[in-house]
Amino acid sequence: MPLLALDTATRATAVAWQATAAEPALEARDDPPAGERPGHTTCLLPLIAELLERSGSSWRQLERIAVGVGPGGFTGLRVGIATARALAQALALPLVGVSTLRSMAASVQRADPRVLGAAGRRTETVVAVLDARRGEVFAAAWSTADRGLVPLFGVRALSPAALVDLLVRTEGLAAARTLAVGDGALAFRDVLEPSGVVIPDDNSECHRVTAASHCRLAWSLPAGHPDDVHPCYVRLPDAQPGPRALAPTR
């Protein structure tokens, strides 16, 4: 039951192909250098074609598509979800929407302790944090009790200082090891770390959104009609001021 997964919620364009849940996923990605615009529009379909060639597979063998629904950049999310919908409709395949933040948290659980560093070995709380610009982050948190992911709070946009306050009220940083991952955690390391939040090294793979992690989640998530998968924008664009619309995360 081959599965294709893609994500364009961040500046990176990430795709993965997995033949079965028991096999490792093949991955391809584009990470634009700092200062360059994301290449979602130009890179996404070529990266998918590259994976098809590497796997020796064809579109006809594909049985399911998964796409990261964010939160993230407006343009990036539109490109990724529109592409996933179009492919699913053209191939008459079910589409799975995957929370980009939950996927990041799930990948932390599978990470080698050497990747996380010594502080990540006794992690009790994982916070996935993406840079939302405007001095804010997109964040969601999970408890890692019993090797599962138990939601502590859903996706929201807030300042780094407000995130620290929320974590203290929700979990109590003095009582638990809290690990933060994502480009937002890196961008606001100076705010998060003094409060007790642990952040892996800047070059840790845990900070990257990976389509392979989307694959692992997508096998167990319900798939449906492409029109039923919607982006998690969290907040309105600058051109449409108004209250933030909080969106639930899986």
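The values are calculated or read from the model by the stated rules, or taken from the named source; none is laboratory data. Fair warning: this is a prediction, and the values are worked out from it, not measured in the lab. Every residue, glycine as well, gets a Cβ built from its backbone with ideal geometry; the counts of neighbours run over all protein chains shown.
In this structure, is Leu186 modelled with pLDDT of 95 or more and at negative phi? Against the criterion (modelled with pLDDT of 95 or more and at negative phi), Leu186 qualifies.
With respect to Gly39, is the statement that it is under 14 Å from Ala211 (Cβ atoms) and in contact with a Ser or Thr (Cβ under 8 Å, 6 or more places away or on another chain) true? Give the derivation first.
Values: under 14 Å from Ala211 (Cβ atoms): no; in contact with a Ser or Thr (Cβ under 8 Å, 6 or more places away or on another chain): yes.
No; evaluated as a whole, the condition is false for this residue.
For segment 194-216, give me each residue that is buried (at least 20 other Cβ atoms within 10 Å of the Cβ) and in a helix (DSSP H, G or I). Cys206, His207, Ala211, Ala212, Ser213, His214, Cys215, Arg216 - these are the residues of segment 194-216 that are buried (at least 20 other Cβ atoms within 10 Å of the Cβ) and in a helix (DSSP H, G or I). I need the full set of residues from segment 11-25 which are surrounded by fewer than 24 Cβ atoms within 10 Å (Cβ to Cβ) and under 29 Å from Ala139 (Cβ atoms), in order please. Correct list: Arg11, Ala12, Ala21, Ala25.
For segment 62-109, the tally of residues that are farther than 13 Å from Thr8 by Cβ, among the basic types (Lys, Arg) and either assigned by TED's automatic domain parsing to the domain that holds Leu179 or within 17 Å of the chain's Cα centre (by Cα) (or both) stands at 1. For Ala16, the requirement of being among the aliphatic types (A, V, I, L, M), part of a loop (DSSP other than H, G, I, E, B) and in the same structural domain as Arg216 (by TED's automatic domain parsing) is not met.
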